[in-house]
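Right, one structure below, let's go through it.
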Amino acid sequence: MRHEDKLTRTSKGLYIIYKNLHKSFGPQHWWPGETPFEVMVGAILTQNTNWQNVERAIANLKKNKVLDPKKLSQLPHKKLAKMIRSAGYFNIKAKRLKNFLKFYLESYNADARKMRQADTQVLSNELLKVNGVGEETADSILLYALNKPVFVVDAYTKRIYSRHGFIAEDARYQAVKELFMKNLKNDVQLFNEYHALLVRLGKEYCLKSKPRCDSCPLSKQNHKYD
C-alpha cells in the first residue's frame, strides 16, 4: 500500500471514530474552568487522579481566595499542599505547581494572552523544561488553556487505539500524537472535543480490565475503519 493511501485510510478511520463517539455522547464541554489559569492549575493537579478530586481541590483554592498566580506562589508549601490535599500526591503536586508558577510569572508575567501569542513549539519546549510538567500536562495546557492546536494523548487514547489496531500497545506519546496531528484537520475545537470523547469512552466502555466491548459505541463498526 502506498504511503499516501495509508494516510488517507487512517484519516478516514479517525474521523469515523470521532463521528460515532460524537453521535453517541454529544458535546463534552471540556475542559471545565472559568479562566485559562484555572485550566492550567487543573492540568497539573489532575495527574494520577480523577477529575472529581481535582474539582474539590480547585474549589478549596477558590474558597480561600488564592486561585491567583501571585497569591499561590506566595503561599507556604505546607499550606498549599493542605489546600490541594483532595487531588492526591499533594506534596508532590504542590511542588510541581510552584515550579509552574515560577515559570508562568517570570516568563510571561502571569499573562495568558501573552503566553498564547508565543510560538506553539517554543512554548511546548518551555513547558517541558518545567520540573513536573510532562508531555500530557504540557499539551493539555496548550490545547485547553491557550487554544493551541495540539492533540492531547492519555492512557485512554493509547488503550483505545491499540485495541483497534491503529498503534502498537507500547507506542510512545509522540508517535500517538502524530497519528492524530498528521491525519486530522489542524483544528482546536476538533482536538478538544475528540480527546474529551475518548476520555468518556475510556471511562465508561474501554476499561483497562473487563472492557464493555459488546455495548461500546464503536463495536457496531466491527473495528473496520478503512
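The values are calculated or read from the model by the stated rules, or taken from the named source; none is laboratory data. From a predicted model like this one, the values you see are computed outputs, not experimental measurements. Here the Cβ is made from the backbone with ideal geometry for all residues, glycine too, and neighbour counts use every protein chain on show.
Summary of computed values
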quantity: Odd one out for LYS71, checked against (1) surrounded by 15 or more Cβ atoms within 10 Å (Cβ to Cβ); (2) basic (Lys, Arg); (3) more than 18 Å from the chain's Cα centre (by Cα); calculated: (1)
quantity: Residues of segment 4-36 classified as under 30 Å from ASN109 (Cα atoms), out of contact with any Phe, Trp or Tyr (no Cβ under 8 Å at 6 or more places or on another chain) and crowded, with 16+ Cβ neighbours inside 10 Å, total; calculated: 1
quantity: Identity of the residue in segment 146-169, of a type in the set (D, E, K, R) and at pLDDT below 95, that ends up surrounded by the most Cβ atoms within 10 Å (Cβ to Cβ); calculated: ARG163
quantity: Near pairs, Cβ below 6 angstrom, 6+ apart or cross-chain, from segment 208-226 (within 12 Å of ARG163 (Cβ to Cβ)) to any residue that is modelled with pLDDT under 90; calculated: CYS213/SER219
quantity: Test: residue in segment 25-32 that is in a helix (DSSP H, G or I) and more than 16 Å from the chain's Cα centre (by Cα); calculated: yes
quantity: Qualifying helices (runs of 4 or more DSSP H) (wholly inside segment 91-188; at least 3 residues being among the basic types (Lys, Arg) and assigned by TED's automatic domain parsing to the domain that holds VAL41); calculated: 112-117
quantity: So THR120, is it free of Cβ contacts under 8 Å to residues at least 40 places away in the same chain and not charged (D, E, K, R); calculated: yes
quantity: Scan of segment 129-146 for residues that are among the polar types (S, T, N, Q) and within 20 Å of LEU179 (Cα to Cα), ordered by number; calculated: THR137, SER140
quantity: Given (1) assigned by TED's automatic domain parsing to the domain that holds ILE92; (2) at pLDDT below 95, number of the condition LYS210 does not satisfy; calculated: (1)
quantity: Among residues of segment 130-169, those that are acidic (Asp, Glu) and more than 20 Å from ASN48 (Cβ to Cβ), counted; calculated: 1
quantity: Residue within segment 195-217 that is acidic (Asp, Glu) and closer than 17 Å to LYS19 by Cβ present; calculated: no
quantity: Flag if VAL54 is out of contact with any Ser or Thr (no Cβ under 6 Å at 6 or more places or on another chain) and either surrounded by 13 or more Cβ atoms within 10 Å (Cβ to Cβ) or among the basic types (Lys, Arg) (or both); calculated: no
quantity: Qualifying residues in segment 101-134 (those that are among the basic types (Lys, Arg) and within 19 Å of the chain's Cα centre (by Cα)) - the one nearest to THR46 (Cα to Cα); calculated: LYS129
quantity: Residue count for segment 38-81, restricted to those that are among the β-branched types (Val, Ile, Thr) and either part of a loop (DSSP other than H, G, I, E, B) or in contact with a strand residue (DSSP E or B) (Cβ under 8 Å, 6 or more places away or on another chain) (or both); calculated: 3
